[in-house]
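Asks: Got a structure here, written out as structure tokens. Questions coming.
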Amino acid sequence: MNRRVRLALGGAVGLVVVLGLFLTSPTAFLSQLSWVAANPLLFAVVLLAVSVVRPFLAWPTTLLAVAAGYAYGLAVGLPFALLLMTVTALPPFLLARRARGTGRMTTASEQFVERAGDFRSVAASRFLPAPSDVVSVAAGVANVSLVPFLLGTAVGELPWAIAGVFLGSSLDGLSGLSADSLASVVDVRLVAAVALVGLLVLAGPLYRHVTSQET
């Protein structure tokens with residue numbers, strides 16, 4: 001296959017992805033892409049494209065983990081899911097870091113990150129049951145460095161990636177994926193346990209931050 005054909009194929013896949021993103025729901029879009037899963041390399045390219053535009057559509061990040069688990073199983077699906085969930089956190093983070101101002105919220109965010117550390121604040125915040133994009137924007141506003149942000153995102157998304165990959169690997173097909181099954185990817189007990197870990201990790205820096213604001 002020559003270079004022009006490869007470029008044309010890549011462009012066509014990209015166009016299909018973009019159109020599908022805007023015209024369908026996330027579960028319906030994945031259902032339509034079931035045939036692509038038979039080609040692991042092509043499916044990986046599609047999922048990477050979806051991960052880049054996902055934040056602008058407010059789709060859940062666990063959708064990426066479910067798809068990775070379905071196509072690649074546990075051994076390959078988990079690291080790939082972590083890659084996708086890290087990549088998809090970049091657009092809101094970079095946009096927020098570029099557009100951040102100099103107000104009180106920015107100053108307070110920066111002071112908190114200084115006490116907690118870049119990596120610790122990102123990883124622990126992702127343990128909490130907060131929307132992934134909110135955490136990414138907050139990290140951007142606080143001017144977190146890029147490498148600690150990426151590492152913290154990978155560690156913090158690990159519990160949710162595991163849950164999504166497990167669900168995906170148990171599916172017979174993406175057409176069987178529903179909004180309800182996607183919403184129930186993570187057990188309430190797991191959410192509570194992981195959130196508790198996140199709170200404990202942030203408890204010290206949070207206490208010091210609050211007390212410093214009162215003095």
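Asks: Within 9 Å, Cβ to Cβ, of Pro148, how many net charges do the neighbouring residues add up to if Lys/Arg are +1 and Asp/Glu are -1?
Replies: Numbers: positive: Arg120; negative: Asp118.
Net charge in that neighbourhood comes out at 0.
Asks: Please give the net charge around Pro91, taking every other residue with its beta carbon less than 13 angstrom from that of Pro91, where Lys and Arg add +1 and Asp and Glu add -1.
Replies: On the way: positive: Arg54, Arg97, Arg98; negative: Asp133.
Computed value for this residue: +2.
Asks: Carbon and sulfur: what percent of the stretch 28-175's accessible surface (1.4 Å probe)? Please report the intermediate quantities before stating the final value.
Replies: Details: 4440 of 6520 Å².
Here carbon and sulfur together make up 68 percent of the probe-accessible area.
Asks: While we're on this one: Looking at the stretch 71-180, I'd like the Rg to Rh ratio, where Rg is from alpha-carbon atoms and Rh is Kirkwood's inverse mean 1/r. Please list the in-between numbers first.
Replies: Details: Rg = 15.7 Å, Rh = 14.8 Å.
Dividing the radius of gyration by the Kirkwood radius yields 1.06.
The values are calculated or read from the model by the stated rules, or taken from the named source; none is laboratory data. Everything quoted here is computed from the prediction, not taken from an experiment. FYI the Cβ positions are ideal-geometry reconstructions off the backbone, even for glycines, and counts take in every protein chain you see. Note: accessible area is taken over every heavy atom of the protein model, side chains too, but ligands, DNA and RNA are not part of it. Shrake-Rupley method; radii C 1.70, N 1.55, O 1.52, S 1.80 Å.
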